[in-house]
1. Taking interchain pairs and intrachain pairs at least six residues apart, which have beta carbon atoms under 6 angstrom, with the first residue in the range 228-244 and among the small types (Gly, Ala, Ser) and the second surrounded by 19 or more Cβ atoms within 10 Å (Cβ to Cβ)?
2. What about ALA276, is it under 12 Å from ILE26 (Cβ atoms), modelled with pLDDT under 95 and not β-branched (Val, Ile, Thr)?
3. Within the range 218-228, does at least one residue satisfy the condition of being assigned to a strand (DSSP E or B) and crowded, with 18+ Cβ neighbours inside 10 Å?
4. Does ALA67 satisfy being outside any loop (DSSP other than H, G, I, E, B) and under 15 Å from MET248 (Cα atoms)?
5. Does the range 307-316 contain at least one residue that is assigned to a helix (DSSP H, G or I), modelled with pLDDT under 90, among the charged types (D, E, K, R) and open to solvent by 20 Å² or more (accessible area, probe 1.4 Å)?
6. Looking for something crowded, with 24+ Cβ neighbours inside 10 Å, basic (Lys, Arg) and under 30 Å from TRP271 (Cβ atoms) - is there at least one such residue anywhere in the range 59-66?
7. Would you check which residues across the range 241-285 are of a type in the set (A, V, I, L, M, F, W, C), under 22 Å from VAL36 (Cα atoms) and either open to solvent by 10 Å² or more (accessible area, probe 1.4 Å) or part of a strand (DSSP E or B) (or both) and list them?
8. Tally up the residues in the range 1-49 that are at pLDDT 90 or above, assigned to a loop (DSSP other than H, G, I, E, B) and under 19 Å from ARG278 (Cβ atoms), please.
Amino acid sequence: MRRALAVLLSLAGGAQAQGTAGVAAIWVSGETAITVAGDTHAGGRPVTEADAWHIGSMTKAMTATLAGRLVARGVLDWDTPVESLLDAAPPWHGVTLAQLLTHRSGMAANPSRLVLLRRPDRATYVGQMLRSRPAAARGTFLYSNAGYTVAGAMLQAATGRTWEDLIAADVWGPLGMQGMGFGAPNGIWGHAPSPWPPGPKADNIPAMAPAGTVHAPPAAMLRFLAAHATRDPAFLPPEVWERLQAPMGDYAMGWSVQDGTLQHAGTNTAWLAQMAIRGDRAVFVAVNGYGTAAEAAVRSATQAAMTVAPPAMPKAPRP
């Protein structure tokens with residue numbers, strides 16, 4: 001673990017005086033280990049195991065897991081069409097929850113920059129996307145933050161509750177994931193490359209939370225990863241776990257899948273994190289920066305934590 005963290009911080013290339021921090025956490029057959037290093041920001045306090053890290057698009061696996069919980073209870077189905085729950089233009093009729101969660105709806109990656117600059121609420125964001133034209137043929141893979149935001153809105157419409165309430169009550173709570181939250185964490189600062197102090201504008205807009213605005217302490221991430229690694233039958237029935245983790249091509253629901261490894265990366269361009277599961281081993285790695293050096297650091301640290309002799313890791317999908 002210390003080797004993994006040393007790789008992380010050395011490749012990230014920042015001295016602690018510049019506010020560089022990192023975490024490497026591992027779960028193996030029920031045993032856990034967490035190592036952290038660095039300061040919350042230049043002149044700040046040392047990072048602790050309790051500190052939360054922005055996980056970006058790794059949120060997508062949580063949104064898909066939440067959908068699985070609702071499917072298991074019969075609230076909706078994988079094949080529920082979007083127009084049955086939301087106001088959608090004809091090009092989107094017949095697009096299903098499963099297609100949104102596997103990036104096969106044909107929806108663009110994001111709304112236009114002009115729309116995002118207006119910082120719309122979720123209803124406005126989703127309405128804009130469901131009036132837009134498809135960016136790809138339905139059934140083909142196109143990674144889409146917007147698609148996951150629409151999926152989150154479907155879960156809201158099916159239950160009459162916000163996605164934020166649902167994820168806390170149906171995923172974080174049952175799994176004992178303490179310290180979870182939304183937006184940039186209050187402790188550690190991101191870097192892009194200059195420091196990003198915590199605040200509403202230190203992250204992507206709250207509307208797209210189902211696609212990637214969650215922060216998490218390492219112990220909470222390990223609880224989530226352990227549930228997926230063991231396919232905990234007390235949390236979800238086997239057929240739902242299978243659907244969540246079975247890839248179409250090389251992407252499942254919130255997971256890239258290659259050579260038996262489930263993994264995903266996440267960034268808001270001021271943080272970078274990665275998670276991976278293979279067999280009885282799961283890893284969470286994060287650094288409070290972004291860029292080529294940070295990508296190399298997180299990838300190498302994940303490899304070091306996954307095995308003593310690291311195999312080639314699958315390339316993470318773009319967050």
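1. Sorted first by the residue in the range 228-244, then by its partner, the pairs are ALA229/ILE277; ALA229/ALA282.
2. Values: under 12 Å from ILE26 (Cβ atoms): yes; modelled with pLDDT under 95: no; not β-branched (Val, Ile, Thr): yes.
It is false that ALA276 is under 12 Å from ILE26 (Cβ atoms), modelled with pLDDT under 95 and not β-branched (Val, Ile, Thr).
3. Residues of the range 218-228 assigned to a strand (DSSP E or B): none.
Checked against the condition, which is being assigned to a strand (DSSP E or B) and crowded, with 18+ Cβ neighbours inside 10 Å, the range 218-228 yields no hits at all.
4. Numbers: outside any loop (DSSP other than H, G, I, E, B): yes; under 15 Å from MET248 (Cα atoms): no.
Taking the combined requirement at face value, the residue does not satisfy it.
5. We begin by selecting, within the range 307-316, every residue assigned to a helix (DSSP H, G or I); these are none.
Within the range 307-316, none of the residues are assigned to a helix (DSSP H, G or I), modelled with pLDDT under 90, among the charged types (D, E, K, R) and open to solvent by 20 Å² or more (accessible area, probe 1.4 Å).
6. Yes, the range 59-66 contains at least one residue that is crowded, with 24+ Cβ neighbours inside 10 Å, basic (Lys, Arg) and under 30 Å from TRP271 (Cβ atoms).
7. Those that are of a type in the set (A, V, I, L, M, F, W, C), under 22 Å from VAL36 (Cα atoms) and either open to solvent by 10 Å² or more (accessible area, probe 1.4 Å) or part of a strand (DSSP E or B) (or both): ALA265, LEU272, ALA273, MET275, ALA276, ILE277, ALA282, VAL283, PHE284, VAL285.
8. Residues that pass the stated criteria total 2.
The values are calculated or read from the model by the stated rules, or taken from the named source; none is laboratory data. Not measured: the values here are computed from a predicted model. So basically every Cβ, Gly included, is an ideal-geometry build from the backbone, and we count neighbours across all protein chains shown. Surface accessibility is based on the protein's heavy atoms, side chains included, excluding ligands, DNA and RNA. Shrake-Rupley method; radii C 1.70, N 1.55, O 1.52, S 1.80 Å.
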